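Report on the structure given below.
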Amino acid sequence: MKFFASATHFVSVLVCVLLLCLFSCSRAGSQPQPSPGSTGPVPAEPENPGPDPEMVFNDHLQRILEAAAIPGALARSVMDEAAAGPSFILDLLTAIEGDPYLWILVDKKHALPPGYEPDDLVELTGPSYLVNRKGLLLRSPAAESLEEMAAAARAEGVTLIASSTYRSYTYQEEVYARNVRQSGQETADRESARPGHSQHQLGLVVDFGSIDDSFAVTKAGRWMVDNAGRFGWSISFPQGYEAVTGYRWESWHYRYVGRELNYFIDTYFGGIQQYALQFLHEWTQAEL
Ligand SMILES: [Zn+2]
């Protein structure tokens, strides 16, 4: 997995740098021509101009957007943002540099390797939030961010309660089997992940409060909607996107993606984490 992560990262950086180069070259090449009356030297035509770098970039981006199943209007807005200047590529680069597990796609179609277990899990101890039982684990960057976010919430009179966090592969096997036994396969698939397909295995996810729809109307639920993004936490299964995420609305389930990736999700993908991660998945696997 380590090899996969670093190889993917290397390729994506390479692709980004290349595209950034293409972008600047194409901008440099689009200088105004001298006016008819001008006496200045007329630049010689290049002998073999080759494909227009801007077109190469646009085609590449379009293919990625299609492969990532980004819907038409959103895809067009991404194309427009990318055409407006290098900010899109720079923000993309910033979003994927560093820890690849912040943006790795884990959903019904994309599993983590069965043996994957983070090596920096820590037990949640607060002090600014509550836990509903002992022994809840998160990766240390997520745990630190949770404490920072919970302190900010507490300062506004809101208490965050962590109810479910890291789930090992073995634990997912047990939960999924139990849900199928109790509710049948169809319902189980709507509400719980098959083993290896849960974001909870990343150690970067917290289910808050009651873990049901009532959380959305609590003070904590409303505070999270307004503030979680500032601390790099993103709702994974928003309302109205079951066909996209594969899960019904889960107002309580937040994934720590970091501030940079959260900015990328909000700015270019309308706050829909699934779209942004599908896009990054295709982007980092594609070759120019
Ligand atoms: Zn959850």
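The values are calculated or read from the model by the stated rules, or taken from the named source; none is laboratory data. Bear in mind that the values here come from a model prediction, so they are computed numbers and not experimental data. Neighbour counts are summed over all protein chains in view; Cβ atoms, including those assigned to glycine, are modelled from backbone coordinates with ideal geometry. Side chains are part of the model used for accessible areas, which takes the heavy atoms of the whole protein and leaves out ligands, DNA and RNA. Shrake-Rupley method; radii C 1.70, N 1.55, O 1.52, S 1.80 Å.
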Qualifying residue in the range 275-288 (condition: open to solvent by less than 50 Å² (accessible area, probe 1.4 Å), hydroxyl-bearing (S, T, Y), more than 16 Å from the ligand (Cβ to nearest atom) and modelled with pLDDT under 95): yes
Residues of the range 165-199 that turn out to be of a type in the set (A, V, I, L, M, F, W, C) and within 16 Å of the ligand (Cβ to nearest atom), as a count: 3
When residues of the range 124-160 are limited to those that are charged (D, E, K, R) and over 25 Å from E260 (Cα atoms), the one least open to solvent (accessible area, probe 1.4 Å): R133
Out of D207, D212, sole residue that is surrounded by fewer than 16 Cβ atoms within 10 Å (Cβ to Cβ), within 18 Å of L160 (Cβ to Cβ) and within 16 Å of the ligand (Cβ to nearest atom): D212
Residue within the range 97-107 that is farther than 30 Å from S163 by Cβ and either within 18 Å of the chain's Cα centre (by Cα) or at pLDDT below 95 (or both) present: yes
Any hit, the range 143-164, residues being assigned to a loop (DSSP other than H, G, I, E, B), more than 14 Å from W233 (Cα to Cα) and within 14 Å of the ligand (Cβ to nearest atom): no
Filter result for R248 (modelled with pLDDT under 95 and in the same structural domain as L146 (by TED's automatic domain parsing)): yes
Of all residues making up the range 74-108, the number that are outside any loop (DSSP other than H, G, I, E, B) and either surrounded by 14 or more Cβ atoms within 10 Å (Cβ to Cβ) or without any contact (Cβ under 8 Å) to a residue 12 or more places away in the chain (or both): 22
Selection status of A111, of a type in the set (G, A, S), assigned to a loop (DSSP other than H, G, I, E, B) and outside the structural domain of R167 (by TED's automatic domain parsing): yes
